[in-house]
Structure formats: C-alpha cells, structure tokens
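Asks: Got a structure for you, written out below as structure tokens; questions coming shortly.
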Protein chains: 2
Amino acid sequence: MFPHFIVHLKQEIPNCSTMSKSKNYGFLISIAVNILLISIGIYLYAGGGRWAEKNLQIGHLQSTPPLGWSSKAALEAEIVAAMPCSGHGRAYVDGSGCECNGCYVGDDCSILNVTCPADAHGGDCMYLEPYWIENAVDTAVLISGWHRMSYNYADGSMISSELEYYIRKLHHIVGNAVTEGRRLVFGVGSAQLLSGAVYALSSKEASIPSNVLATAPYYWLFRDQTSFFDAKNFTFKGNTSAWHSNNTNLVEFVTSPNNPDGGLKESVFHKKKVNDHVFYWPQFSPIPKAADEDIMIFSLSKLTGHAGSRFGWAIVKDDDVYDKYSTFNFVASIGVSKETQLRALKILKVIVKGGGTGRPFFEHADHLMRDRWERLTAVISKSTRFSIQERKPLHCTFFDETRPPNPPFAWLKCNREEDVDCQAVLQQQGNIRGRPGSLFDDSTSYTRLSLTSPEDQFDLLLKRIKALVDQENGYIETVKSSNGSPFYNRKGLYM
Amino acid sequence: MFPHFIVHLKQEIPNCSTMSKSKNYGFLISIAVNILLISIGIYLYAGGGRWAEKNLQIGHLQSTPPLGWSSKAALEAEIVAAMPCSGHGRAYVDGSGCECNGCYVGDDCSILNVTCPADAHGGDCMYLEPYWIENAVDTAVLISGWHRMSYNYADGSMISSELEYYIRKLHHIVGNAVTEGRRLVFGVGSAQLLSGAVYALSSKEASIPSNVLATAPYYWLFRDQTSFFDAKNFTFKGNTSAWHSNNTNLVEFVTSPNNPDGGLKESVFHKKKVNDHVFYWPQFSPIPKAADEDIMIFSLSKLTGHAGSRFGWAIVKDDDVYDKYSTFNFVASIGVSKETQLRALKILKVIVKGGGTGRPFFEHADHLMRDRWERLTAVISKSTRFSIQERKPLHCTFFDETRPPNPPFAWLKCNREEDVDCQAVLQQQGNIRGRPGSLFDDSTSYTRLSLTSPEDQFDLLLKRIKALVDQENGYIETVKSSNGSPFYNRKGLYM
C-alpha cells in the first residue's frame, strides 16, 4: 500500500454556491454539466467563495501536481458531489441528479412532502454519511479501468490480505472479537455469510437434517434464507423455545446485539451456532468483552453504513468448518468483488488510523446514536400507550465506562389491548412505517423502528411519534405544510 | 449521468522514465512513495519525457481545473499506474509493488523463471488488460467515501437502471440476445446466476426433485455448485446422454459457446433450461443470430475481462421465473455491490460509445484472439500427437462476414494411445498446466488450455507447445535463459 502523502489536507474547498442555479435534468443534463464544469473551473481557479453543501467541509491538497488520465473521473466525482441538494439528498456519478432523503422531493430536495410516511422500516445506516463526507480525502478511491481484472490476488487467494490485516487490527483496537489463531472468510454482505455458515455447520447426513433455530424475536432473513435454500441437510425450525436441549442435531443463530431489540444474547443450547455480531460495535452496544465464538459474523453495512457495498466477514475457529465455508463462498459467487474489497480497505483504514485508537469514528457514531436515543426516550417517557425496550448499562471496555447501549432499532410496544397490530396503529394513526413484530416471530404488539436513518428522516420519525404521544395526552398540534399554509389532516397525524 | 466533458483528451502524459530507478518495497514503501510523488510532480510540471510503461498511452486533460478532495485518490492511482513493472506485471493501489504475470518474477517483473509451468488452467481474460489501459481516461472511476451507502437505488431497486440501459443497448448493438420484453436479474458473477437459475426453475415439489443435467464436456461448476447446495428440489444428475427425452422433470444447462470446447450448442431436451452465454460475444464466436431463450446468462468477466468485479446478468422471459430468481438474489446476497455496478457501467459505456457500434472494442478483442488462434493452429498443424477442436466458420451478423470462432480455450487432445492422461503428459513433458478433460466429465485424453491470458503468458504457452511438437518431429531446441546463458533442462522441455 501507499499510505503516506507529504501534502497537507487543511485548506477548504472554495465555494461554488452560485452553482445552485443550475438545476437542469433529463436531456439537458449534459449541457448542465458543461456549465457546471466551467463554473467549477472558474470558481476553483478564482479561489473565492464557499462550497454550498453544509456538510462538505472537505480538505484540499495544498499543492496538487496536475493529473493525467485520472483527472476526468476525479472531476466528474467532484462535480457530482458539489450538486446542491439542500442537505436533504445527494447526487451520484451513476445517477441523474439529486436523490432525496425520505420525504423530501424536488430537483434539489428542498420540498418536504408532508403526507409522506416517516420511513423507519429499513436497515440502512445512513446516519454515518456525513462522517464519510467529512473524511472525503482519505476515503475516496480511484479505480482504474484495469484494476484487478483477475479472479485472484497475487497470492492466488480471492481475499485481499491487506484488507484482512486491517479487519484484524480493527477488532484488536475495539476489543470486540478474538481473531488470533482464527481464519477469515469474506462474503457478499453478512447475508451470504449467514447462509454459508449453515452449510458449513449442517449435518453431513441428508437423512438426518440439522434443525436450524433462533430465539424470537429474531432477524427474519434467517428464516427466509434457510427456507428458500431448502437443502437436504438442514431445515429451518423456528424459535428455540419449542426445542429441548437434549436434541443434538441443531444449528442455532445467536444475534448479539439482537436484531430487532438490541439485547446482548447468549446461545440457548451451546451446541453448533452462528454468532451474528454485525451490531457488536461501540456505537450500538457496550463491549463488555471480546466475543470468542466458533463463527462470528460482521459486516461493513452495520459498522460503517456501507450497505450498498455488500461486504462482510466471518471469523472462524475450526479448520474443517473454514474449509467448507470457503468452498461455499467459492461455489456461490467465486469470491467477493475486488472493487468492494478496495473500498472497504480505504474505509477501515480511516477508522483504524484515528490515532491508532479508532476513537474519532466510534465517538462520532456513538454521539449520534446516543443523541437519538435521548431524544426518543424523552418523547416515549411521556407515553403509557407506547413503550420501548429497556437499555441495561454495562461496562464498555472500549470507552472504559459503564453505559447503556444505543441499539440501531427501537423495539416499540403498543401497550393498549385494542392496539393488537402495533405496526398498523403506527401507520394509520401516525403515518410511520416500521416492521411488524410478526416478521421477527414475535407478537404483532411490537414494531421495529430504524433509528439509523439520515438526520432529517429521524427528525420526521420523532416528530410523528411525538404527535402520537401528544394526542394520547390530549394535545392536537397544528402544523404547517411546506408551502407555508396551515396543514391539518383530518385523519389524524400525517405529519 | 454526466457523460460529456468539454475538454479534449489528446495530449499524452509526460514521461517519468527516470522513476524506474525507485524500486524500494517493504517498510521503505512510504518513503519511496513520497519520492515518487515528488518525482511525478516535478516531471508532470516539467512536461518533459515519456511515461515508461510501454502500453500506457493515456490521454491527458488539456486544461484541468485544480481538484479538491479527489486529488489524493487520483494521484495515488496515477503513482501506482506509473510503477515500472517491465511490461510483465502491474501494481495496484491495494497491493505492495509490482504483481507479475505468469512466470515473471523480481521487484520489477523483469526476470523470467524458466522452470515455471506455463499457466493455462484458469479462466481469466487478462488479454484485454492493455485495452483498458489504452482507455484509461474513460474507464477510470472515482468512488467517494459516501457513494451509494444504501441497500437501494433511488427507485427502491437494487439494480442500477443506468447499467441495465447500457446492457440492453449493448445486446442490441451486438445482436447476440433478445432483450425486448425481458427482465434482467443482476448477480455476483455468472456463478451466482447459474445456481439462482436452478432454484428459479426447479420443481416445486421436494418429493420429486428436478434432475439437473448438462451435455459433456460441460463446465465443472454446474456439477460442483448444484451438488454443494444439495437442495431438496433438485439433484445434479450429470450428462444428458444418460437420459431419455420422455423425462419431463429436467433442468438442462446449455453452454453456447461451450466451455471447454467453444462449440455452439443447442438444448438436447428442449424443456426447462439455463442458457449460459457468457462466451457468446464476437471476439469468441460468430454471432449467427440473437439468442432467444428463457434464461440467458452473461458476465462481465468473459465480455470485458473484469472477472475480479464479480458481475453478471440474466435475461429472463417468464415473470414467475423472474420473481423467484430475484428472490434468490435477495436472500443470497441482498443484491450486487454498488461499486461493481458503477464500474461495470463505466466499462460498458466505453464499449457502447465506440461510434455507437461497439466495433473498436470487439475488433480489438477479435484481433487478439484471432492472432492467437492462427499462431496456435500453425504449431498444432505440424503435430499428429496433439490435435485441437475444429472451428467451423459461420456467418457473423455483427462483423457481417463468414468466419471461424476464436474460442477462449483450446480443447487439446492427446492422440497417442499411451498418452492416457493428456494433462499429465503436458505437465510432465511440456511443463504446461491445463485442466484435465475429466473435470468436464469427458475423457482424460483431453486438456483445456486457456488462450485468454496476458500476451507474455500466451507466448510462453505457445513456445512450450511448439517445443513438444518439435520434439515429436525430431527437433530439440536449445534455448537461452533470461540471464543470457544457454539453458537446457535434461528432463526435456521446461521452457
């Protein structure tokens, strides 16, 4: 790797705020880009002004030698990044203009659609996007047209040894998993690794298939995936509560912190198990000790928010299990994208390099999640109709203090007897989209709400929850629509 | 998308040939990079000289506005690309120095290891690497740290509609597959799509599993994959020749052009089938007509050589099959890497944009493959001991002429009765590594040899084959080792 540059990265990018006038799309896009390009050129040369995007406090090389073949791609990326999307969206080089967050619409994402549902049903961790924008210089990667065309790396393997090194280093810094003496399997997101683990662990005799279990509430993909693949050697059998510990032919999914409720979970049966630790990072949970399990699965999606990259890794103790697991990854997809591995490397390096402690990244992420939980708790504390999971403080070895977790999801309960379908209640009375408890093999009186969305989307969610709680307490709020005229929806609380 | 730039891309990059002196690796790498960076700066500013790498005739932006946050990544990529690897290797931003082709070794890949086997056993299409280097400007992509972090694109899907558009356009230009009225499934290489197709097509009743078949010689992954996943609803049953056409519960793999022998194949049973068309491109085969099958699978690996990207697509006729196929892709990996999709888009655009005809790319690729076949045929024509597959000329609608195919692999036969294990003969007497016929469910008197390796690797393969043929005809050649001293290996022909 080529890690060090002698130039300093302090000077801010000059402002291109006048560019906000150019909002042509569709067939006018190329003309717009040309104008934008000239504008950028002029403004960057002129060195005046400030960049429009609020969060784009991006460093600038003090003395940049002129570039050659890479200039066009770099310029293209900077033009797109400079597109003004009102802080409620983002443009991408493979898109066609601003792509807006949640309920924002319009060419520049400046309009809030007040009737749009607050979206809290997904698993994206977009709350971290501003962090990567702040770290634009060190996380950008230029991929040449001939970058790693082969199936293999130079050592003949399909995994980047450099990336493996940084993953091990990260676990060492964070102290959340034992990696010494273990081997790593890379996968196309944790999704591929979860099913791979079942193949690697399941019965060798098709006549006696392994029973695959999880403790409810559990991540729905375990069921959907295992059922879909429907192999001769394993069958999904649902909740551990229906099983006895004297059954030896089990493969147990243990998710800790748990999806959906964020609790630190242990195996029920202590036999063959797959430990899904994708949320076992300091921003979501205290780290009481380094996990030390047979198969531990992590993902970039939940650590850094890069779900689109589809990258995960499994830390594997047993050599035979590792061999079968690796074979699975080979026959399933002949490895993992080299572009993805390169990008994951760039991102993880930035985390690891924060003074070698990882603190800048995890403190940032923790700060955001803690703030959201405090705001949510303040609202829910005024309700008897709704409640959320308890957050038990534990000692965190990473932050070296006792602290409550900040789970990625609120596991919200509707406490009224008549609110049988909590998800329907939230949707119909609160205009909030979550995921129903039944999806997680639990009661429909629960709903899972994502707390890791972009800031504006979380704000809207909180506002809608507050409106429900206010209604419960006898307040009816009159709010204004985006065009300034008073807005009140007779159905209730569609704000 | 932002397709047009007003600047011209004609001026060549200035030369940095003096940089070839800096060959420090290991712990000295960061110092080396700093020196290199200063050198690049000085040389690029000075504007003198020529870039050392023979093939790096890369365009240069005539007037580049200074860049901001993207500069570091761009510079890093250019520094790495400029590393002198003697035309026998390449450095990568996630590597640690030159990574050498085939039998070349040394810090700058300048030394040929004469005892090293000629590697013809893989499936890489590195013969196209120089083309992507020539097209460096248009194929480079800068991925920002916050590029597409979400699981989804703006339209809620997991596939880039822009990429889908260019894939459809490419098939339209080439005329090799009907896409109108069909839907596309993206996959993590053709490997994922092949198994997904079996799930999508297989029996709905686990009690009567589908019999999965292929006509030998067939691509070994069909067997390994289907057997590994070992689902209740399908079982791999091997060669079609052992089956009768009255069996209705079949899923047939049809590979055309076939891997390993390059022949255009048709279905035997004309029932449920998966058409693997990854080699159905003008550089490998005449295109007599647009393929019009139920499921047609293509990949970037075989079209452009970007195997490391793990990207493929399936063109699907039936809506129900499409739904199950999409579900498969979702539960298997929750889609395909967004970095990969962006890069595939960049690459395909370059092909499609060649005057809108695709001709520059396919003519280049065809020229290389044709040249290799001519050279190989000239050597093999002097042998009775070895023979290769017949190449039947057909009318190609793309090139509008009748022409023989240029298959990616030579399907070489050892004709002597005593040469029972052809692969062992080549390895022991010729120091050539191919893949044995038995892997493809055919006789061991066959060996598959890859013809799509980098030029130097193909040259070595051809030299080794020629030496075997010369030996057959009574000539013994004395060749020189890389240090200039005469080299003769008493075991025979290890050159």
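Asks: Relative to the other copies, what are the label-point distances for B:Gly238, with labels 7 Å from Cα along the C-beta vector, expressed in nm at one decimal and sorted shortest first?
Replies: 4.2
Asks: Could you pull the Cα extents of the range A:161-352 along its three principal axes, largest to smallest, in whole Å?
Replies: That works out to 47, 36, 30 Å along the principal axes.
Asks: Treating only the Cβ of Lys, Arg, Asp and Glu as charged (+1, +1, -1, -1), what charge dipole size does the range A:161-352 show about its Cα centre? Round to the nearest 20 debye.
Replies: Result for the range A:161-352 is approximately 320 debye, rounded to the nearest 20.
Asks: Okay, moving on. Quick one: dipole size for the range A:350-462, taken about the Cα centre, charges +1 on Lys/Arg Cβ and -1 on Asp/Glu Cβ, in debye to the nearest 20.
Replies: Once rounded to the nearest 20, the dipole reads 120 debye.
Asks: Of the beta bridges DSSP finds with both residues in the range B:161-352, what % are antiparallel, to the nearest 5? Present the calculation step by step, with values, prior to reporting the outcome.
Replies: Details: 10 of 27 bridges.
Around 35 percent of the beta bridges assigned by DSSP in the range B:161-352 are antiparallel ones.
Asks: Scan around A:Ser285 for amide H atoms under 5 Å from its own, H built in the peptide plane at 1.01 Å from N, and keep only partners 5 or more places away or cross-chain.
Replies: A:Asn406
Asks: Taking a point 7 Å out from Cα toward Cβ as the label site, list the nm distances between B:Gln428 and the same residue in every other copy, smallest first.
Replies: 7.9
Asks: Give me the percent relative contact order of the range B:161-352, please, defined on Cα pairs under 8 angstrom at least 6 residues apart.
Replies: Once normalised by length, the contact order is 30 percent.
Asks: Let me ask another. So if we plug the beta-carbon distance of B:Ser157 and A:Asn113 into 1/(1 + (r/R0)^6) with R0 = 30 Å, what FRET efficiency do we get, rounded to 0.05?
Replies: Numbers: r = 21 Å, r/R0 = 0.68.
The computed FRET efficiency comes out at 0.90.
Asks: Starting from the amide H of A:Phe236, placed 1.01 Å from N in the peptide plane, find each other amide H under 5 Å away whose residue is 5 or more places distant or on another chain.
Replies: Those qualifying (amide H under 5 Å, at least 5 residues apart or on another chain) are A:Val212.
Asks: Okay, moving on. With the Cα gyration tensor of the range B:151-193 giving a ≥ b ≥ c as the square roots of its eigenvalues, does the rule (a/c under 1.5 for rounded; else a/b larger than b/c for prolate; else oblate) give rounded, prolate or oblate?
Replies: Taking the square roots of the gyration eigenvalues as a ≥ b ≥ c, the range B:151-193 is oblate.
Asks: Using the Cα centre of the range B:269-366 as the reference point, and only Cβ charges (+1 on K/R, -1 on D/E), how large is the resulting charge dipole? Debye, rounded to the nearest 20.
Replies: So the magnitude is around 300 debye.
Asks: Can you pull the one-decimal nm distance between simple spin-label points at A:His270 and A:Thr377, each 7 Å off the Cα toward Cβ?
Replies: Here the modelled spin labels are 3.3 nm apart.
Asks: By average Cβ neighbour count within 10 Å, what is the ranking of B:445-453, B:355-363 from highest down?
Replies: Numbers: B:445-453: 24.7, B:355-363: 16.4.
Ranking, from highest mean packing down: B:445-453, B:355-363.
Asks: Which one, B:Ala290, B:Gly305, B:Asn239, is farthest towards the positive end of the dipole of the range B:161-352 when Lys and Arg carry +1 and Asp and Glu -1 on their Cβ?
Replies: Projecting each Cα onto the dipole axis, the largest value belongs to B:Gly305.
Asks: Then there's this: Under 1.5 on a/c is rounded, so check that first for the range B:281-346, then, if it is not, pick prolate when a/b is larger than b/c and oblate when it is not; a ≥ b ≥ c are the square roots of the alpha carbon gyration tensor eigenvalues.
Replies: Taking the square roots of the gyration eigenvalues as a ≥ b ≥ c, the range B:281-346 is oblate.
Asks: Assuming 0.36 nm per residue, please report the length gained on full extension of the stretch B:Asp320 to B:Arg416 beyond their Cα-Cα distance. Before the final figure, lay out the partial values.
Replies: On the way: separation 96, 0.36 × 96 = 34.56 nm, distance 5.13 nm.
Here the answer is 29.4 nm.
Asks: Mind listing the phi-derived Karplus ³J(HN,Hα) values for the range B:196-213, rounded to whole Hz, using 6.51, -1.76 and 1.60 with θ = phi - 60°, and x for any glycine or proline?
Replies: Once θ is set to phi - 60°, the couplings for the range B:196-213 become x, 5, 5, 4, 5, 9, 6, 3, 7, 10, 4, 6, 10, x, 5, 9, 8, 10 Hz.
Asks: Could you tell me the center-to-center distance, by alpha carbons, between the range B:70-112 and the range A:459-475 in angstrom?
Replies: 59 Å
Asks: Taking amide H positions as placed in the peptide plane 1.01 Å from N, state which residues far from B:Lys273 in sequence (5 or more) or on other chains have amide H under 5 Å from it.
Replies: B:Glu252
Asks: Please work out the FRET efficiency for the pair A:Ser387 and A:His244, using the Cβ-Cβ distance as r and a Förster radius of 35 Å; give the result to the nearest 0.05.
Replies: Working: r = 32 Å, r/R0 = 0.93.
Working from the Cβ atoms, E equals 0.60.
Asks: Where does each of B:Leu412, A:Leu128 land when they are ranked from fewest to most other beta-carbon atoms within 10 angstrom?
Replies: A:Leu128, B:Leu412
Asks: Per-residue mean of other chain beta-carbon atoms within 10 angstrom of the beta-carbon, peptide B:338-347?
Replies: Average per residue, whole number: 6.
Asks: I would also like to ask the following. Apply the Karplus parameterisation 6.51 cos²θ - 1.76 cosθ + 1.60, with θ equal to phi minus 60°, to every residue of the range B:416-433 and state each ³J(HN,Hα) to the nearest whole Hz, in sequence, with x for glycine and proline.
Replies: For the range B:416-433, the Karplus-derived couplings read 6, 4, 6, 7, 4, 9, 4, 4, 5, 4, 4, 5, 7, 9, x, 6, 10, 9 Hz, x marking Gly and Pro.
Asks: Please compare each pair in A:Lys317/A:Lys346; B:Lys271/B:Lys346; A:Lys317/B:Lys324 to a cut-off of 32 Å on the Cα-Cα distance and tell me which ones are over it.
Replies: B:Lys271/B:Lys346; A:Lys317/B:Lys324
Asks: Another question, if that's okay. Rounded to the nearest 0.05, what FRET efficiency do B:Lys204 and B:Tyr475 have when you use their Cβ-Cβ distance and R0 = 45 Å?
Replies: On the way: r = 63 Å, r/R0 = 1.40.
With a Förster radius of 45 Å, E is 0.10.
Asks: Cβ neighbours within 10 Å, averaged per peptide: list B:366-373, A:456-463, B:296-303 in order, most packed at the top. Kindly include the intermediate steps, with their values, before the conclusion.
Replies: Details: B:366-373: 17.9, A:456-463: 20.9, B:296-303: 26.6.
So the order, starting with the most tightly packed, is B:296-303, A:456-463, B:366-373.
Asks: How shielded is B:322-334 by partner chains, expressed as the average number of their Cβ atoms within 10 Å of its Cβ atoms?
Replies: 4
Asks: Report, for A:Asp320, each distance to the same residue's label point in the other copies, shortest first and in nm; define the point 7 Å along Cα→Cβ.
Replies: Distances to the matching label points in the other copies: 4.2 nm.
Asks: Quantify how strongly other chains surround peptide B:227-236 by giving the mean number of their Cβ atoms within 10 Å of each of its Cβ atoms.
Replies: Per residue, the average neighbour count from other chains is 5.
Asks: Of A:Ile133, A:Ala120, A:Gly145, whose Cα points farthest to the positive end of the dipole of the range A:103-157 (charges on the beta-carbon: +1 Lys, Arg; -1 Asp, Glu; origin at the Cα centre)?
Replies: A:Gly145
Asks: Distance from a point 7 Å along Cα→Cβ of A:Ala216 to each backbone N in the range A:255-298: keep the residues under 20 Å and list them by number.
Replies: From the range A:255-298, the list is A:255-256, A:258-269.
Asks: Another one. Let a ≥ b ≥ c be the square roots of the eigenvalues of the Cα gyration tensor of the range A:319-447; is it rounded (a/c under 1.5), or, if not, prolate (a/b larger than b/c) or oblate?
Replies: oblate
Asks: Hey, another quick one. Any idea how far the Cα center of the range A:159-174 sits from the one of the range B:341-416, in Å?
Replies: 42 Å
Asks: Once phi is turned into ³J(HN,Hα) by the Karplus curve 6.51 cos²θ - 1.76 cosθ + 1.60 with θ = phi - 60°, what whole-Hz value does each residue of the range A:239-244 show in order, with x for glycine and proline?
Replies: 6, 4, 4, 8, 10, 9
FYI, it's all coordinate maths here, none of it is from the lab. Since this is a predicted model, take the numbers as computed values, not measurements. Note that we place each Cβ from the backbone using ideal geometry, even for glycine, and neighbour counts take in every protein chain shown.
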